[in-house]
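Below you'll find the structure, written out as structure tokens, and then a few comments.
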Amino acid sequence: MTLSVKDRVYAAAEQISAERRPTVSTVRAAAGVSNADSTRYLKEWSEEKHAAGGQVAATPAALLEQAARLAGTCWAEASTMAAERHAAVEAAWAQERKDKDVEIAELVSDLDRVTAEKDAAGVEFTDRMAELESRLTDMGSQLADMGDQLEAARAAERTAVQDASEAATRLATAEARSSTLQEVHNALLQRVTPETKPSR
């Protein structure tokens, strides 16, 4: 079956586009048609290619929107978890500190009372005083340990926030990669031979 002039121009344009951008002169030579036919049908071929690319270009917007939404959701959840963890640690530490302060106040009160009794009665309460002073020292050590635990909790919170930030960065990278792949996809679609009906 003999191809029409249009079919020959389209076929030549597709073949040339696999290596470089087809021009009127290269298509005319490859298809064996006149300059006018080459100009006319090459223009139609280019417009059809452009239209085909535009039809699939609407898809990436949804993909990019989903990627951005996923990144925002992950970041929000990570931030919320880090904030809740920090708040819980702060609350526990504050309660323990309050309890220790009450206990220390009671020990100081006992020490003052024992000292007053000693002065009033002239009786030695060395052992009792030594015990109370030892307990006060232990309480001070416990408070220092609690401070260390709080600092460790804060460090863990900073690590969680950093992990969340890195996750958001990875999602942004995936979003950029998705956009790049879509551009490559569109470029490949422009090189796909459009369906044409042979002339009768």
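Quick note: the coordinates plus some simple rules give every number you see, no bench work behind them. Keep in mind that what you see is a predicted model, and the values were worked out from it rather than measured. Neighbour counts are summed over all protein chains in view; Cβ atoms, including those assigned to glycine, are modelled from backbone coordinates with ideal geometry.
About the Cα centre, and with charges only on the beta carbon of Lys, Arg (+1) and Asp, Glu (-1), how big is the dipole of the range 59-188? Nearest 20 debye, please.
It comes to approximately 900 debye.
Over the alpha carbons of the range 5-56, what is the largest minus smallest coordinate on each principal axis, giving the biggest first in Å?
33, 21, 15
Checking the cross-link filter: which lysines have an alpha carbon closer than 22 Å to that of Lys6, excluding same-chain neighbours under 8 positions apart?
Result set, ordered by chain and number: Lys43, Lys49, Lys197.
May I ask you to derive the relative contact order of the chain, considering only C-alpha pairs under 8 Å and at least 6 residues apart, and to give it as an integer percent?
36
Assuming a viscosity of 1.306 mPa s and a temperature of 10 °C, what translational diffusion coefficient in µm² per second does Stokes-Einstein assign to the chain, Rh being the Kirkwood radius over Cα pairs?
64
For a Förster distance of 35 Å, can you work out the FRET efficiency between the beta-carbons of Ala83 and Ala176, rounded to the nearest 0.05?
0.75
Can you find, among Leu107, Ala172, Pro22, the residue sitting farthest towards the positive end of the charge dipole of the chain, where Lys and Arg contribute +1 and Asp and Glu -1 at Cβ?
Projecting each Cα onto the dipole axis, the largest value belongs to Pro22.
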